[in-house]
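To keep things clear, I will list the structure first and then write my remarks on it.
The values are calculated or read from the model by the stated rules, or taken from the named source; none is laboratory data. Bear in mind the structure is a predicted one, so any value in this text is a computation, not a measurement. As a convention, Cβ positions derive from the backbone with ideal geometry for all residues, glycine included, and neighbour counts pool all protein chains shown. Side chains included, ligands, DNA and RNA excluded: accessible areas come from the protein's heavy atoms. Shrake-Rupley method; radii C 1.70, N 1.55, O 1.52, S 1.80 Å.
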Amino acid sequence: MIRAQSSEERLLVADGTIADLGRIVQFVAERGRQLTSDARFLLHVQLAVDEISTNIFEHGYGGRPGDLELVMRPEGPHLLLVVRDWGPPFDPTTEPLRSSPTGEALPTRPPGGYGLRIVRGIAEELHYRREAGVNELRLAIRLPEPAP
Amino acid sequence: MEIPGEKVGRCVVLRPEGRIDSDNAQAFEERLLAEVAANPGNVVVNLAGTTYLSSKALRALVTALKAARGRTLRKGKVVLAAVPPNLREVFDLATLNMLFEFYDDEQSAVDSF
């Protein structure tokens with residue numbers, strides 16, 4: 001069941017690292033559960049934030065501590081997630097995807113690149129902008145239909 | 001990370017529980033690779049008790065599958081059993097659905113070896 005919630009939820013992780021992922025994902029899971037108990041939706045929200053944050057900490061900040069801001073709020077039929085970081089410019093909406101395995105053939109290169117594919121699959125809308133040294137990624141994930 | 005497992009027939013069955021994410025994916029991968037390296041190198045991963053798989057968990061599984069197929073003396077296999085529908089969708093999203101063999105239950109997976 002979707003419960004009405006007008007307020008915006010915000011999390012600021014100062015000098016964050018990959019070790020902060022657990023509490024970031026826990027934050028979105030808890031706030032998501034205030035909106036709905038739909039397990040698939042809650043998994044999608046956690047995965048999207050997990051993969052984006054992992055990318056920021058591992059690649060954007062290169063393992064060094066850095067700031068991350070997360071905002072989430074219902075907006076129409078979607079949950080809107082806004083993720084900001086202060087790392088080098090990186091546009092996940094245009095980054096080429098690695099070729100996907102076809103059939104049973106394994107890729108010869110080291111496995112990886114699945115996170116971006118997952119995020120693009122989950123988000124109905126995905127927008128990136130760079131402004132004043134800040135990467136801002138906005139994702140819209142469709143809220144589940146209320147139970148009849 | 002504790003991963004219950006046992007040898008069943010010609011393979012080893014692993015039954016990871018809870019979440020597999022950036023906190024424990026490395027330990028998961030190490031366990032998978034150790035089982036692949038052992039004789040006979042056939043592994044069933046029963047995901048019935050798993051609640052979350054991040055891309056790092058997927059990478060661990062693909063790494064293990066590559067190691068199993070790359071064995072020189074006798075190729076092994078890593079197959080998946082009892083994958084909950086929500087997690088099966090994660091494989092679909094990552095376009096890994098064709099790479100792995102999926103079995104509805106653990107016995108069917110064991111019987112595939």
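Just a few scattered comments:
- Across the range A:15-27, rounded Karplus estimates of 3J(HN,Hα) from the backbone phi angles (6.51 cos²θ - 1.76 cosθ + 1.60, θ = phi - 60°) give 6, x, 9, 4, 5, 8, 4, x, 6, 5, 5, 5, 4 Hz, Gly and Pro being marked x.
- For the range B:1-54, the set of GluC sites (Glu not before Pro) satisfying both a DSSP loop assignment and a count of at most 15 other C-beta atoms within 10 Å is given as B:GLU2, B:GLU17.
- Under 5 Å from the amide H of A:HIS78 lie the amide H atoms of A:LEU143, each residue being 5 or more positions distant or on a separate chain, with H modelled from the backbone and absent for Pro and chain starts.
- Burial annotation for the range B:1-42: residues with an accessible-area loss of at least 30 Å² between the isolated chain and the complete set of protein chains, computed on heavy atoms with a 1.4 Å probe, are B:ARG19, B:SER22.
- Heavy atoms of chains B and A lose about 2300 Å² of accessible surface on contact, summed over both sides with a 1.4 Å probe.
- Excluding same-chain neighbours fewer than eight residues apart, the aspartates and glutamates reachable from B:LYS66 by a Cα-Cα span under 14 Å are A:GLU104, B:GLU29, B:GLU30, B:GLU35, B:GLU101.
- Summed residue charge, Cβ within 11 Å of B:VAL110's Cβ, Lys/Arg positive, Asp/Glu negative: -2
- Spatially proximal lysines relative to B:LYS7 (Cα-Cα < 17 Å; intrachain offsets below 8 disregarded): B:LYS77
- Exposed loop sites were defined as trypsin sites (Lys or Arg not before Pro) in DSSP loop states (anything but H, G, I, E or B) carrying at most 16 other C-beta atoms within 10 Å; in chain A the longest segment without such a site runs A:4-97.
- Average accessible surface area per residue within chain A, 1.4 Å rolling probe, Å²: 50
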